[in-house]
Each structure stands twice: as structure tokens, then as C-alpha cells.
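Undergrad: Structure provided below as C-alpha cells; questions to follow.
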Amino acid sequence: METIETSVVVVGGGLVGSSSALFLAWRGVPTVLIERYPGSSPHPRAVGYRSRTLELYRAVGLGSVIPQTPPNMVLRRARVESLAGKWIQEEAPWSPPEKDEAKAIEHSPCLGAAIAQDRLEPILRDKAIELGADVRLQTEMTAFEQDAEGVTVHVRGPDGREYAVRAAYLIAADGHRSPIREALGIGRTGRGFMRTARSVLFRAPLDEYLRSGVSQFNIEQPDLSAFLTTYRDGRWVLIFSDDRERDDAGLRDAIAKATGRPDLPIEILTTGRWELSALIADSFRSGRVFLAGDAAHTLPPNRGGYGANTGIEDAHNLAWKLSSVLSGVSTPALLDTYDAERRPIAWLRHDQIFARSDFKAFATTEAPHGPVFDDAAMELGQLYRSHAVIGAGAELAPARRPEQWAGHLARAHRTRGFCAAATKRCPRSISTSMAGSS
Ligand SMILES: Cc1cc2nc3c(=O)[nH]c(=O)nc-3n(C[C@H](O)[C@H](O)[C@H](O)COP(=O)(O)OP(=O)(O)OC[C@H]3O[C@@H](n4cnc5c(N)ncnc54)[C@H](O)[C@@H]3O)c2cc1C
């Protein structure tokens, strides 16, 4: 059987796998990405990307390619009878309101973006390919094994041909059902399953209802409870609170009720069925295999964008560490810090979801009400605690706004050296930014 040799193999070509390949390729790490489908799912999920994510993409040359949107454009939500009908009330803000002095601070050169997942994924894949990644679509991982020297991933390509990819490390970005996580026997903990929801994706000329800046709508009618939002390209998604199957007429009837515009032409594009759950893997690493994205942490859709954005930050954290170890600058001990740094962030975000108004009703002892941290803290001021970071003690808060750290960062971010050899160029101070490292 043919075997392809590379440094890192990524399984999964969604937002997180594509970002992993992109960040690795940008650092010159030979990478093969395996994705079983020919392209993105016709039913996008994510649309909201935060400023930290945009910073990471900007650093690899995508700054001018992804159009930016002020974050409050994707964070405002209202309770309405229908788009054209009565607007009952705007929901409580996702993040506590900022004080005037905080508002005046420009924390980041990036805002955020509202772009559908099926438009962003090709941008990421194309850039990864341009930078040298070997992206193999319609290629399915059928099995994998690891030994002391590396990992072997068995795949079946588009023509049915079977071959193997041999690499030093494997990134499992294979989604919330993660066959790799399951094969490794890594369990998950957290609030767990909440409900199953169905959705319909449709095209309709409804942009006039976005003028107020609200883009997410909880539809409240006696016989329709649903959530309506837009991908800002003429496509809208209606997510039903129930798991009832509806035929074409039933879907059209629900769309007409939710929009309050039965007169408009509607094109139904596709439907979806989603499990809403909150589960964090008990370990993000097993030997030479690293879990990233939904494989590591599945969180329900929320106004903080704690799904894809958290996974993209995993990918970035892992990419620079793998690059550093593979190039011999750092010892493999650096890789232990991935789980130590990223798993607590996943838990922090898990708990924030249930501490805030949208999901408070789902809070349990596994998902307790906790203190609410503001968005700038969650986005740009999360603290990493690992043996690579000096001074990030238990007395420090898990997240604060960048200006509130008041010098802690200068100390906390001086990292221990992981030099492979004294003769190698090894920066004593690896700047470990709050919501990601570089
Ligand atoms: C309705 C909804 C709205 C959301 N909105 C947002 C949002 O606005 N912002 C946000 O941050 N998050 C959002 N999320 C969450 C976000 O969509 C996910 O967190 C994100 O898409 C996960 O990306 P991923 O790459 O980890 O996994 P996935 O997108 O699930 O990708 C996994 C990939 O692995 C591939 N794969 C699996 N097994 C194999 C195999 N054996 N061989 C080859 N390939 C394989 C799959 O085909 C798939 O393409 C939303 C979620 C939902 C349900």
C-alpha cells in the first residue's frame, strides 16, 4: 500500500481543520488535510467570528479578504412575534455593558466578521493550499494507529483507492462525533445533551428588517417557537424549538409566520437537524493525537461565538507549538501545554454560556451559574495557566479586560524556555497572548 509522508496530518476540513492546515502551512510545516466530503456543507452553521479570530487570520494574510463587521451586529437579539409583526422586546445584552472608559479603549485592530461558514471554509482551504498544505477532499479516514515515532492514518480517496498517510502528529478536527476521540476512548463531561432542533435554510429579500442592528430573532407565537437569523447574503435560517418533521408546505407556512411576509418569494434551500449539547473532552491529547474544535468541545450556538471561534484558537495554539517542536526549537514537553491551556478555556466558555441570560434556564450543577465576564475579557484577556507560563497563579482571575491586567501580563506571559538545545535560537520570552499564543 502506498504511504505518503508528512509532518502533521489533519482529519476534518471544517473551520477548525482548515484553520489548522492554514496556520501550520503558514509556518512552513508539511501538512496533509483529509476531508471526506467534496466541499462545505450546503447548510452553514457558523456566521459570527470574533475579533481574536480575525486577528489570527489577519496574521496569515487574510486581513483584507474577510470583510469585517462590528461585533454588536451579530450580538443583538430580540423577542418578536414576527419580523414584520410586533417586536416584543430586545433581549438582555450578551455581555455586561462596558463602562465609558472601557468603551474608549481600542483593544484590537480587528472587529469581527459575519460570514457564512460555507463561504469562509473555501477561503481558508485555498489560502492553506497557496501556502503549501496538501488538502485532500472526498478522502475519508478509515482507521488510524500511533506508535512511539508517529501516526499512520489509513484513507480512502475519491476513486476508492486506499493508502496511508504517515506523520509525526495527528490533529483530530473531525467534529463533535469525532471518530478519533471515540477510538481513543476519551470521554466527555459537561452539561450534556439539551435538545434536538430542526432548521430550514431559505432565501428571501428580508434585509429591511436588519436596519435596526438586530439580526437574531426569537419568534414567539402560540403555535410557533423558533429562532430566526441571517447569513447576511440573502440566506436566512429558521431553527425550530421542536424536533418535528415538516413537509414543504409546513416549512413554507412556518417561514411565512416567522417573517410575517407571506407575500414574499421564498426559495427553500435545505433543511438541518442539530443536537444542542455542551460537552468537553476529558483530555485534548492522547500521545501524538490532539483534539481540536468540536471534537474537543461541543458548545451550543451562542452569541459569544464560543463554537467555531474557540476551535480556531485551539488550532492556532497547537500550530505554533507543533511547528516549534518539529523544527527542533522546543522540546516535545511544550506540547503538554496545549491541553493545560486550552481545556480550561473550553470550560470557562462552557460555564459562561450557562451564566448568561440566553441559556440560564439550562443551568445545572454540571453547568453552574458563575460570574459573567465581559466580552473583551473573554475575547482578549483569558489567562493561560500551564507549566510554560510563569506567574499565572491561582490568585489571578481566569479572564479580565486587557487594560485590567495592569502589568500582570508582562510577568505572566514570560514563558519558560523549552529549548531543545542551548545552541538553538530560543526566545526566552515567547509572547503568549491571552486568547491564543504566538
Ligand atoms: C446552528 C448553529 C449555528 C452556529 N453558529 C456559530 C457561530 O455563529 N459562531 C461560532 O463560533 N460557532 C457557531 N456554531 C458552532 C460551529 O458551527 C462549530 O463549533 C464549528 O463548525 C465546528 O467546526 P469543526 O471544524 O470543529 O467541526 P465540523 O465543522 O463538524 O467539521 C468536522 C469535519 O470532519 C470531517 N470528518 C469527520 N470524520 C471524518 C473522517 N473519518 N474522514 C474525513 N473527514 C472526516 C467532517 O466531514 C467534517 O467536515 C454554530 C453551530 C450551530 C449548530
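Read-outs: derived from the displayed coordinates by stated rules, not from any lab. Predicted, not measured: the structure shown is a model, and the values here were computed from it. Virtual Cβ from ideal backbone geometry, glycine too; neighbours counted across all protein chains shown.
Undergrad: Compute a Gaussian network model of the chain, connecting alpha carbons closer than 10 Å, and tell me which residue from 216, 89, 146 fluctuates the most.
TA: Largest GNM mean-square fluctuation: 89.
Undergrad: Residue by residue through segment 375-392, what is 3J(HN,Hα) from phi via Karplus (6.51 cos²θ - 1.76 cosθ + 1.60, θ = phi - 60°)? Round to whole Hz and write x for glycine and proline.
TA: Values, residue by residue: 4, 5, 5, 5, 8, 10, x, 7, 9, 8, 10, 8, 6, 8, 10, 7, x, 8 Hz.
Undergrad: In degrees, nearest 10, range 0 to 90: what is the angle between the Cα axis of helix 15-26 and the longest Cα principal axis of the chain?
TA: Helix 15-26 and the main axis of the chain meet at about 40 degrees.
Undergrad: Exposure proxy check: 321, 103, 257 ranked by fewest other beta carbons within 10 Å?
TA: If I rank by nearby Cβ atoms, fewest first, I get 103, 257, 321.
Undergrad: Shifting gears a bit: Ranked highest first by average number of other Cβ atoms within 10 Å, how do 345-355, 194-204, 36-46, 303-313 line up?
TA: 303-313, 345-355, 194-204, 36-46
Undergrad: Binned at 10 Å from 0, what are the whole-percent values of the Cα-Cα distance distribution for segment 263-417, short to long?
TA: Pair shares across the bins are 10, 34, 33, 15, 5, 2, 0.
Undergrad: Also, I was wondering about something else. The chain: percent of C-alpha pairs farther apart than 36 Å?
TA: When all Cα pairs of the chain are counted, 27 percent exceed 36 Å.
Undergrad: Taking N as the number of residues in segment 319-402, what value does Rg over Cα atoms divided by 2.2 N^0.38 Å take?
TA: 1.31
Undergrad: Sorted from largest down, give the three principal axis spans of the alpha carbons of segment 196-290, whole angstrom values.
TA: 58, 30, 24
Undergrad: Here's something else I'd like to know. Would you please put 123-136, 239-252 in order of how densely packed they are, using the mean number of other Cβ atoms within 10 angstrom per residue and starting with the highest?
TA: Order by mean packing, descending: 123-136, 239-252.
Undergrad: In whole Å, largest first, what are the principal axis extents of the Cα atoms in segment 33-133?
TA: Sorted largest first, the three principal extents are 49, 37, 19 Å.
Undergrad: Between the helical axis of 308-326 and the dominant principal axis of the chain, each derived from Cα atoms, what acute angle in degrees is found, rounded to the nearest 10?
TA: That works out to roughly 10 degrees.
Undergrad: Then there is this: Where in segment 166-184 is the amide nitrogen less than 19 Å from a point lying 7 Å along the Cα-to-Cβ axis of residue 142?
TA: 166-167, 179-180, 183
Undergrad: A further question on this structure: Quick check on the exposure proxy: order 214, 165 from fewest to most C-beta atoms within 10 angstrom.
TA: 214, 165
Undergrad: Something else now. Restricting to DSSP H runs of at least four residues, report the calculated mean residue ellipticity at 222 nm for the chain, -39500 (n - 2.57) per run over all residues, nearest 500 deg cm²/dmol.
TA: Values: 11 runs with 109 residues, N = 438.
Estimated from H runs of four or more residues: -7500 deg cm²/dmol.
Undergrad: Relative to the longest principal Cα axis of the chain, at what angle does helix 117-130 sit, 0 to 90 degrees, rounded to 10?
TA: With both axes taken from Cα atoms, the answer is about 30 degrees.
Undergrad: If the reach is capped at under 29 angstrom between alpha carbons, list the lysines near residue 103, excluding any in the same chain fewer than eight residues apart.
TA: Correct list for residue 103: 360.
Undergrad: Run the quick spin-label model on residue 64 and residue 196: label points 7 Å from Cα toward the beta carbon, then report their separation in nm to one decimal.
TA: If labels sit at residue 64 and residue 196, their model points lie 4.8 nm apart.
Undergrad: Which three semi-axes in whole Å describe the equivalent ellipsoid of segment 307-368, each the square root of 5 times a Cα gyration tensor eigenvalue, listed largest first?
TA: 32, 11, 5
Undergrad: Could you work out how far apart the two model spin labels at residue 282 and residue 233 are, taking each label as a point 7 Å from the Cα in the direction of the beta carbon, and quote it in nm?
TA: Spacing of the two 7 Å Cα→Cβ label points: 4.1 nm.
Undergrad: Please give the direction-averaged projected area of the C-alpha convex hull for segment 117-235, in square nanometres with one decimal.
TA: Averaging across all directions leaves 12.7 nm² for the Cα convex hull.
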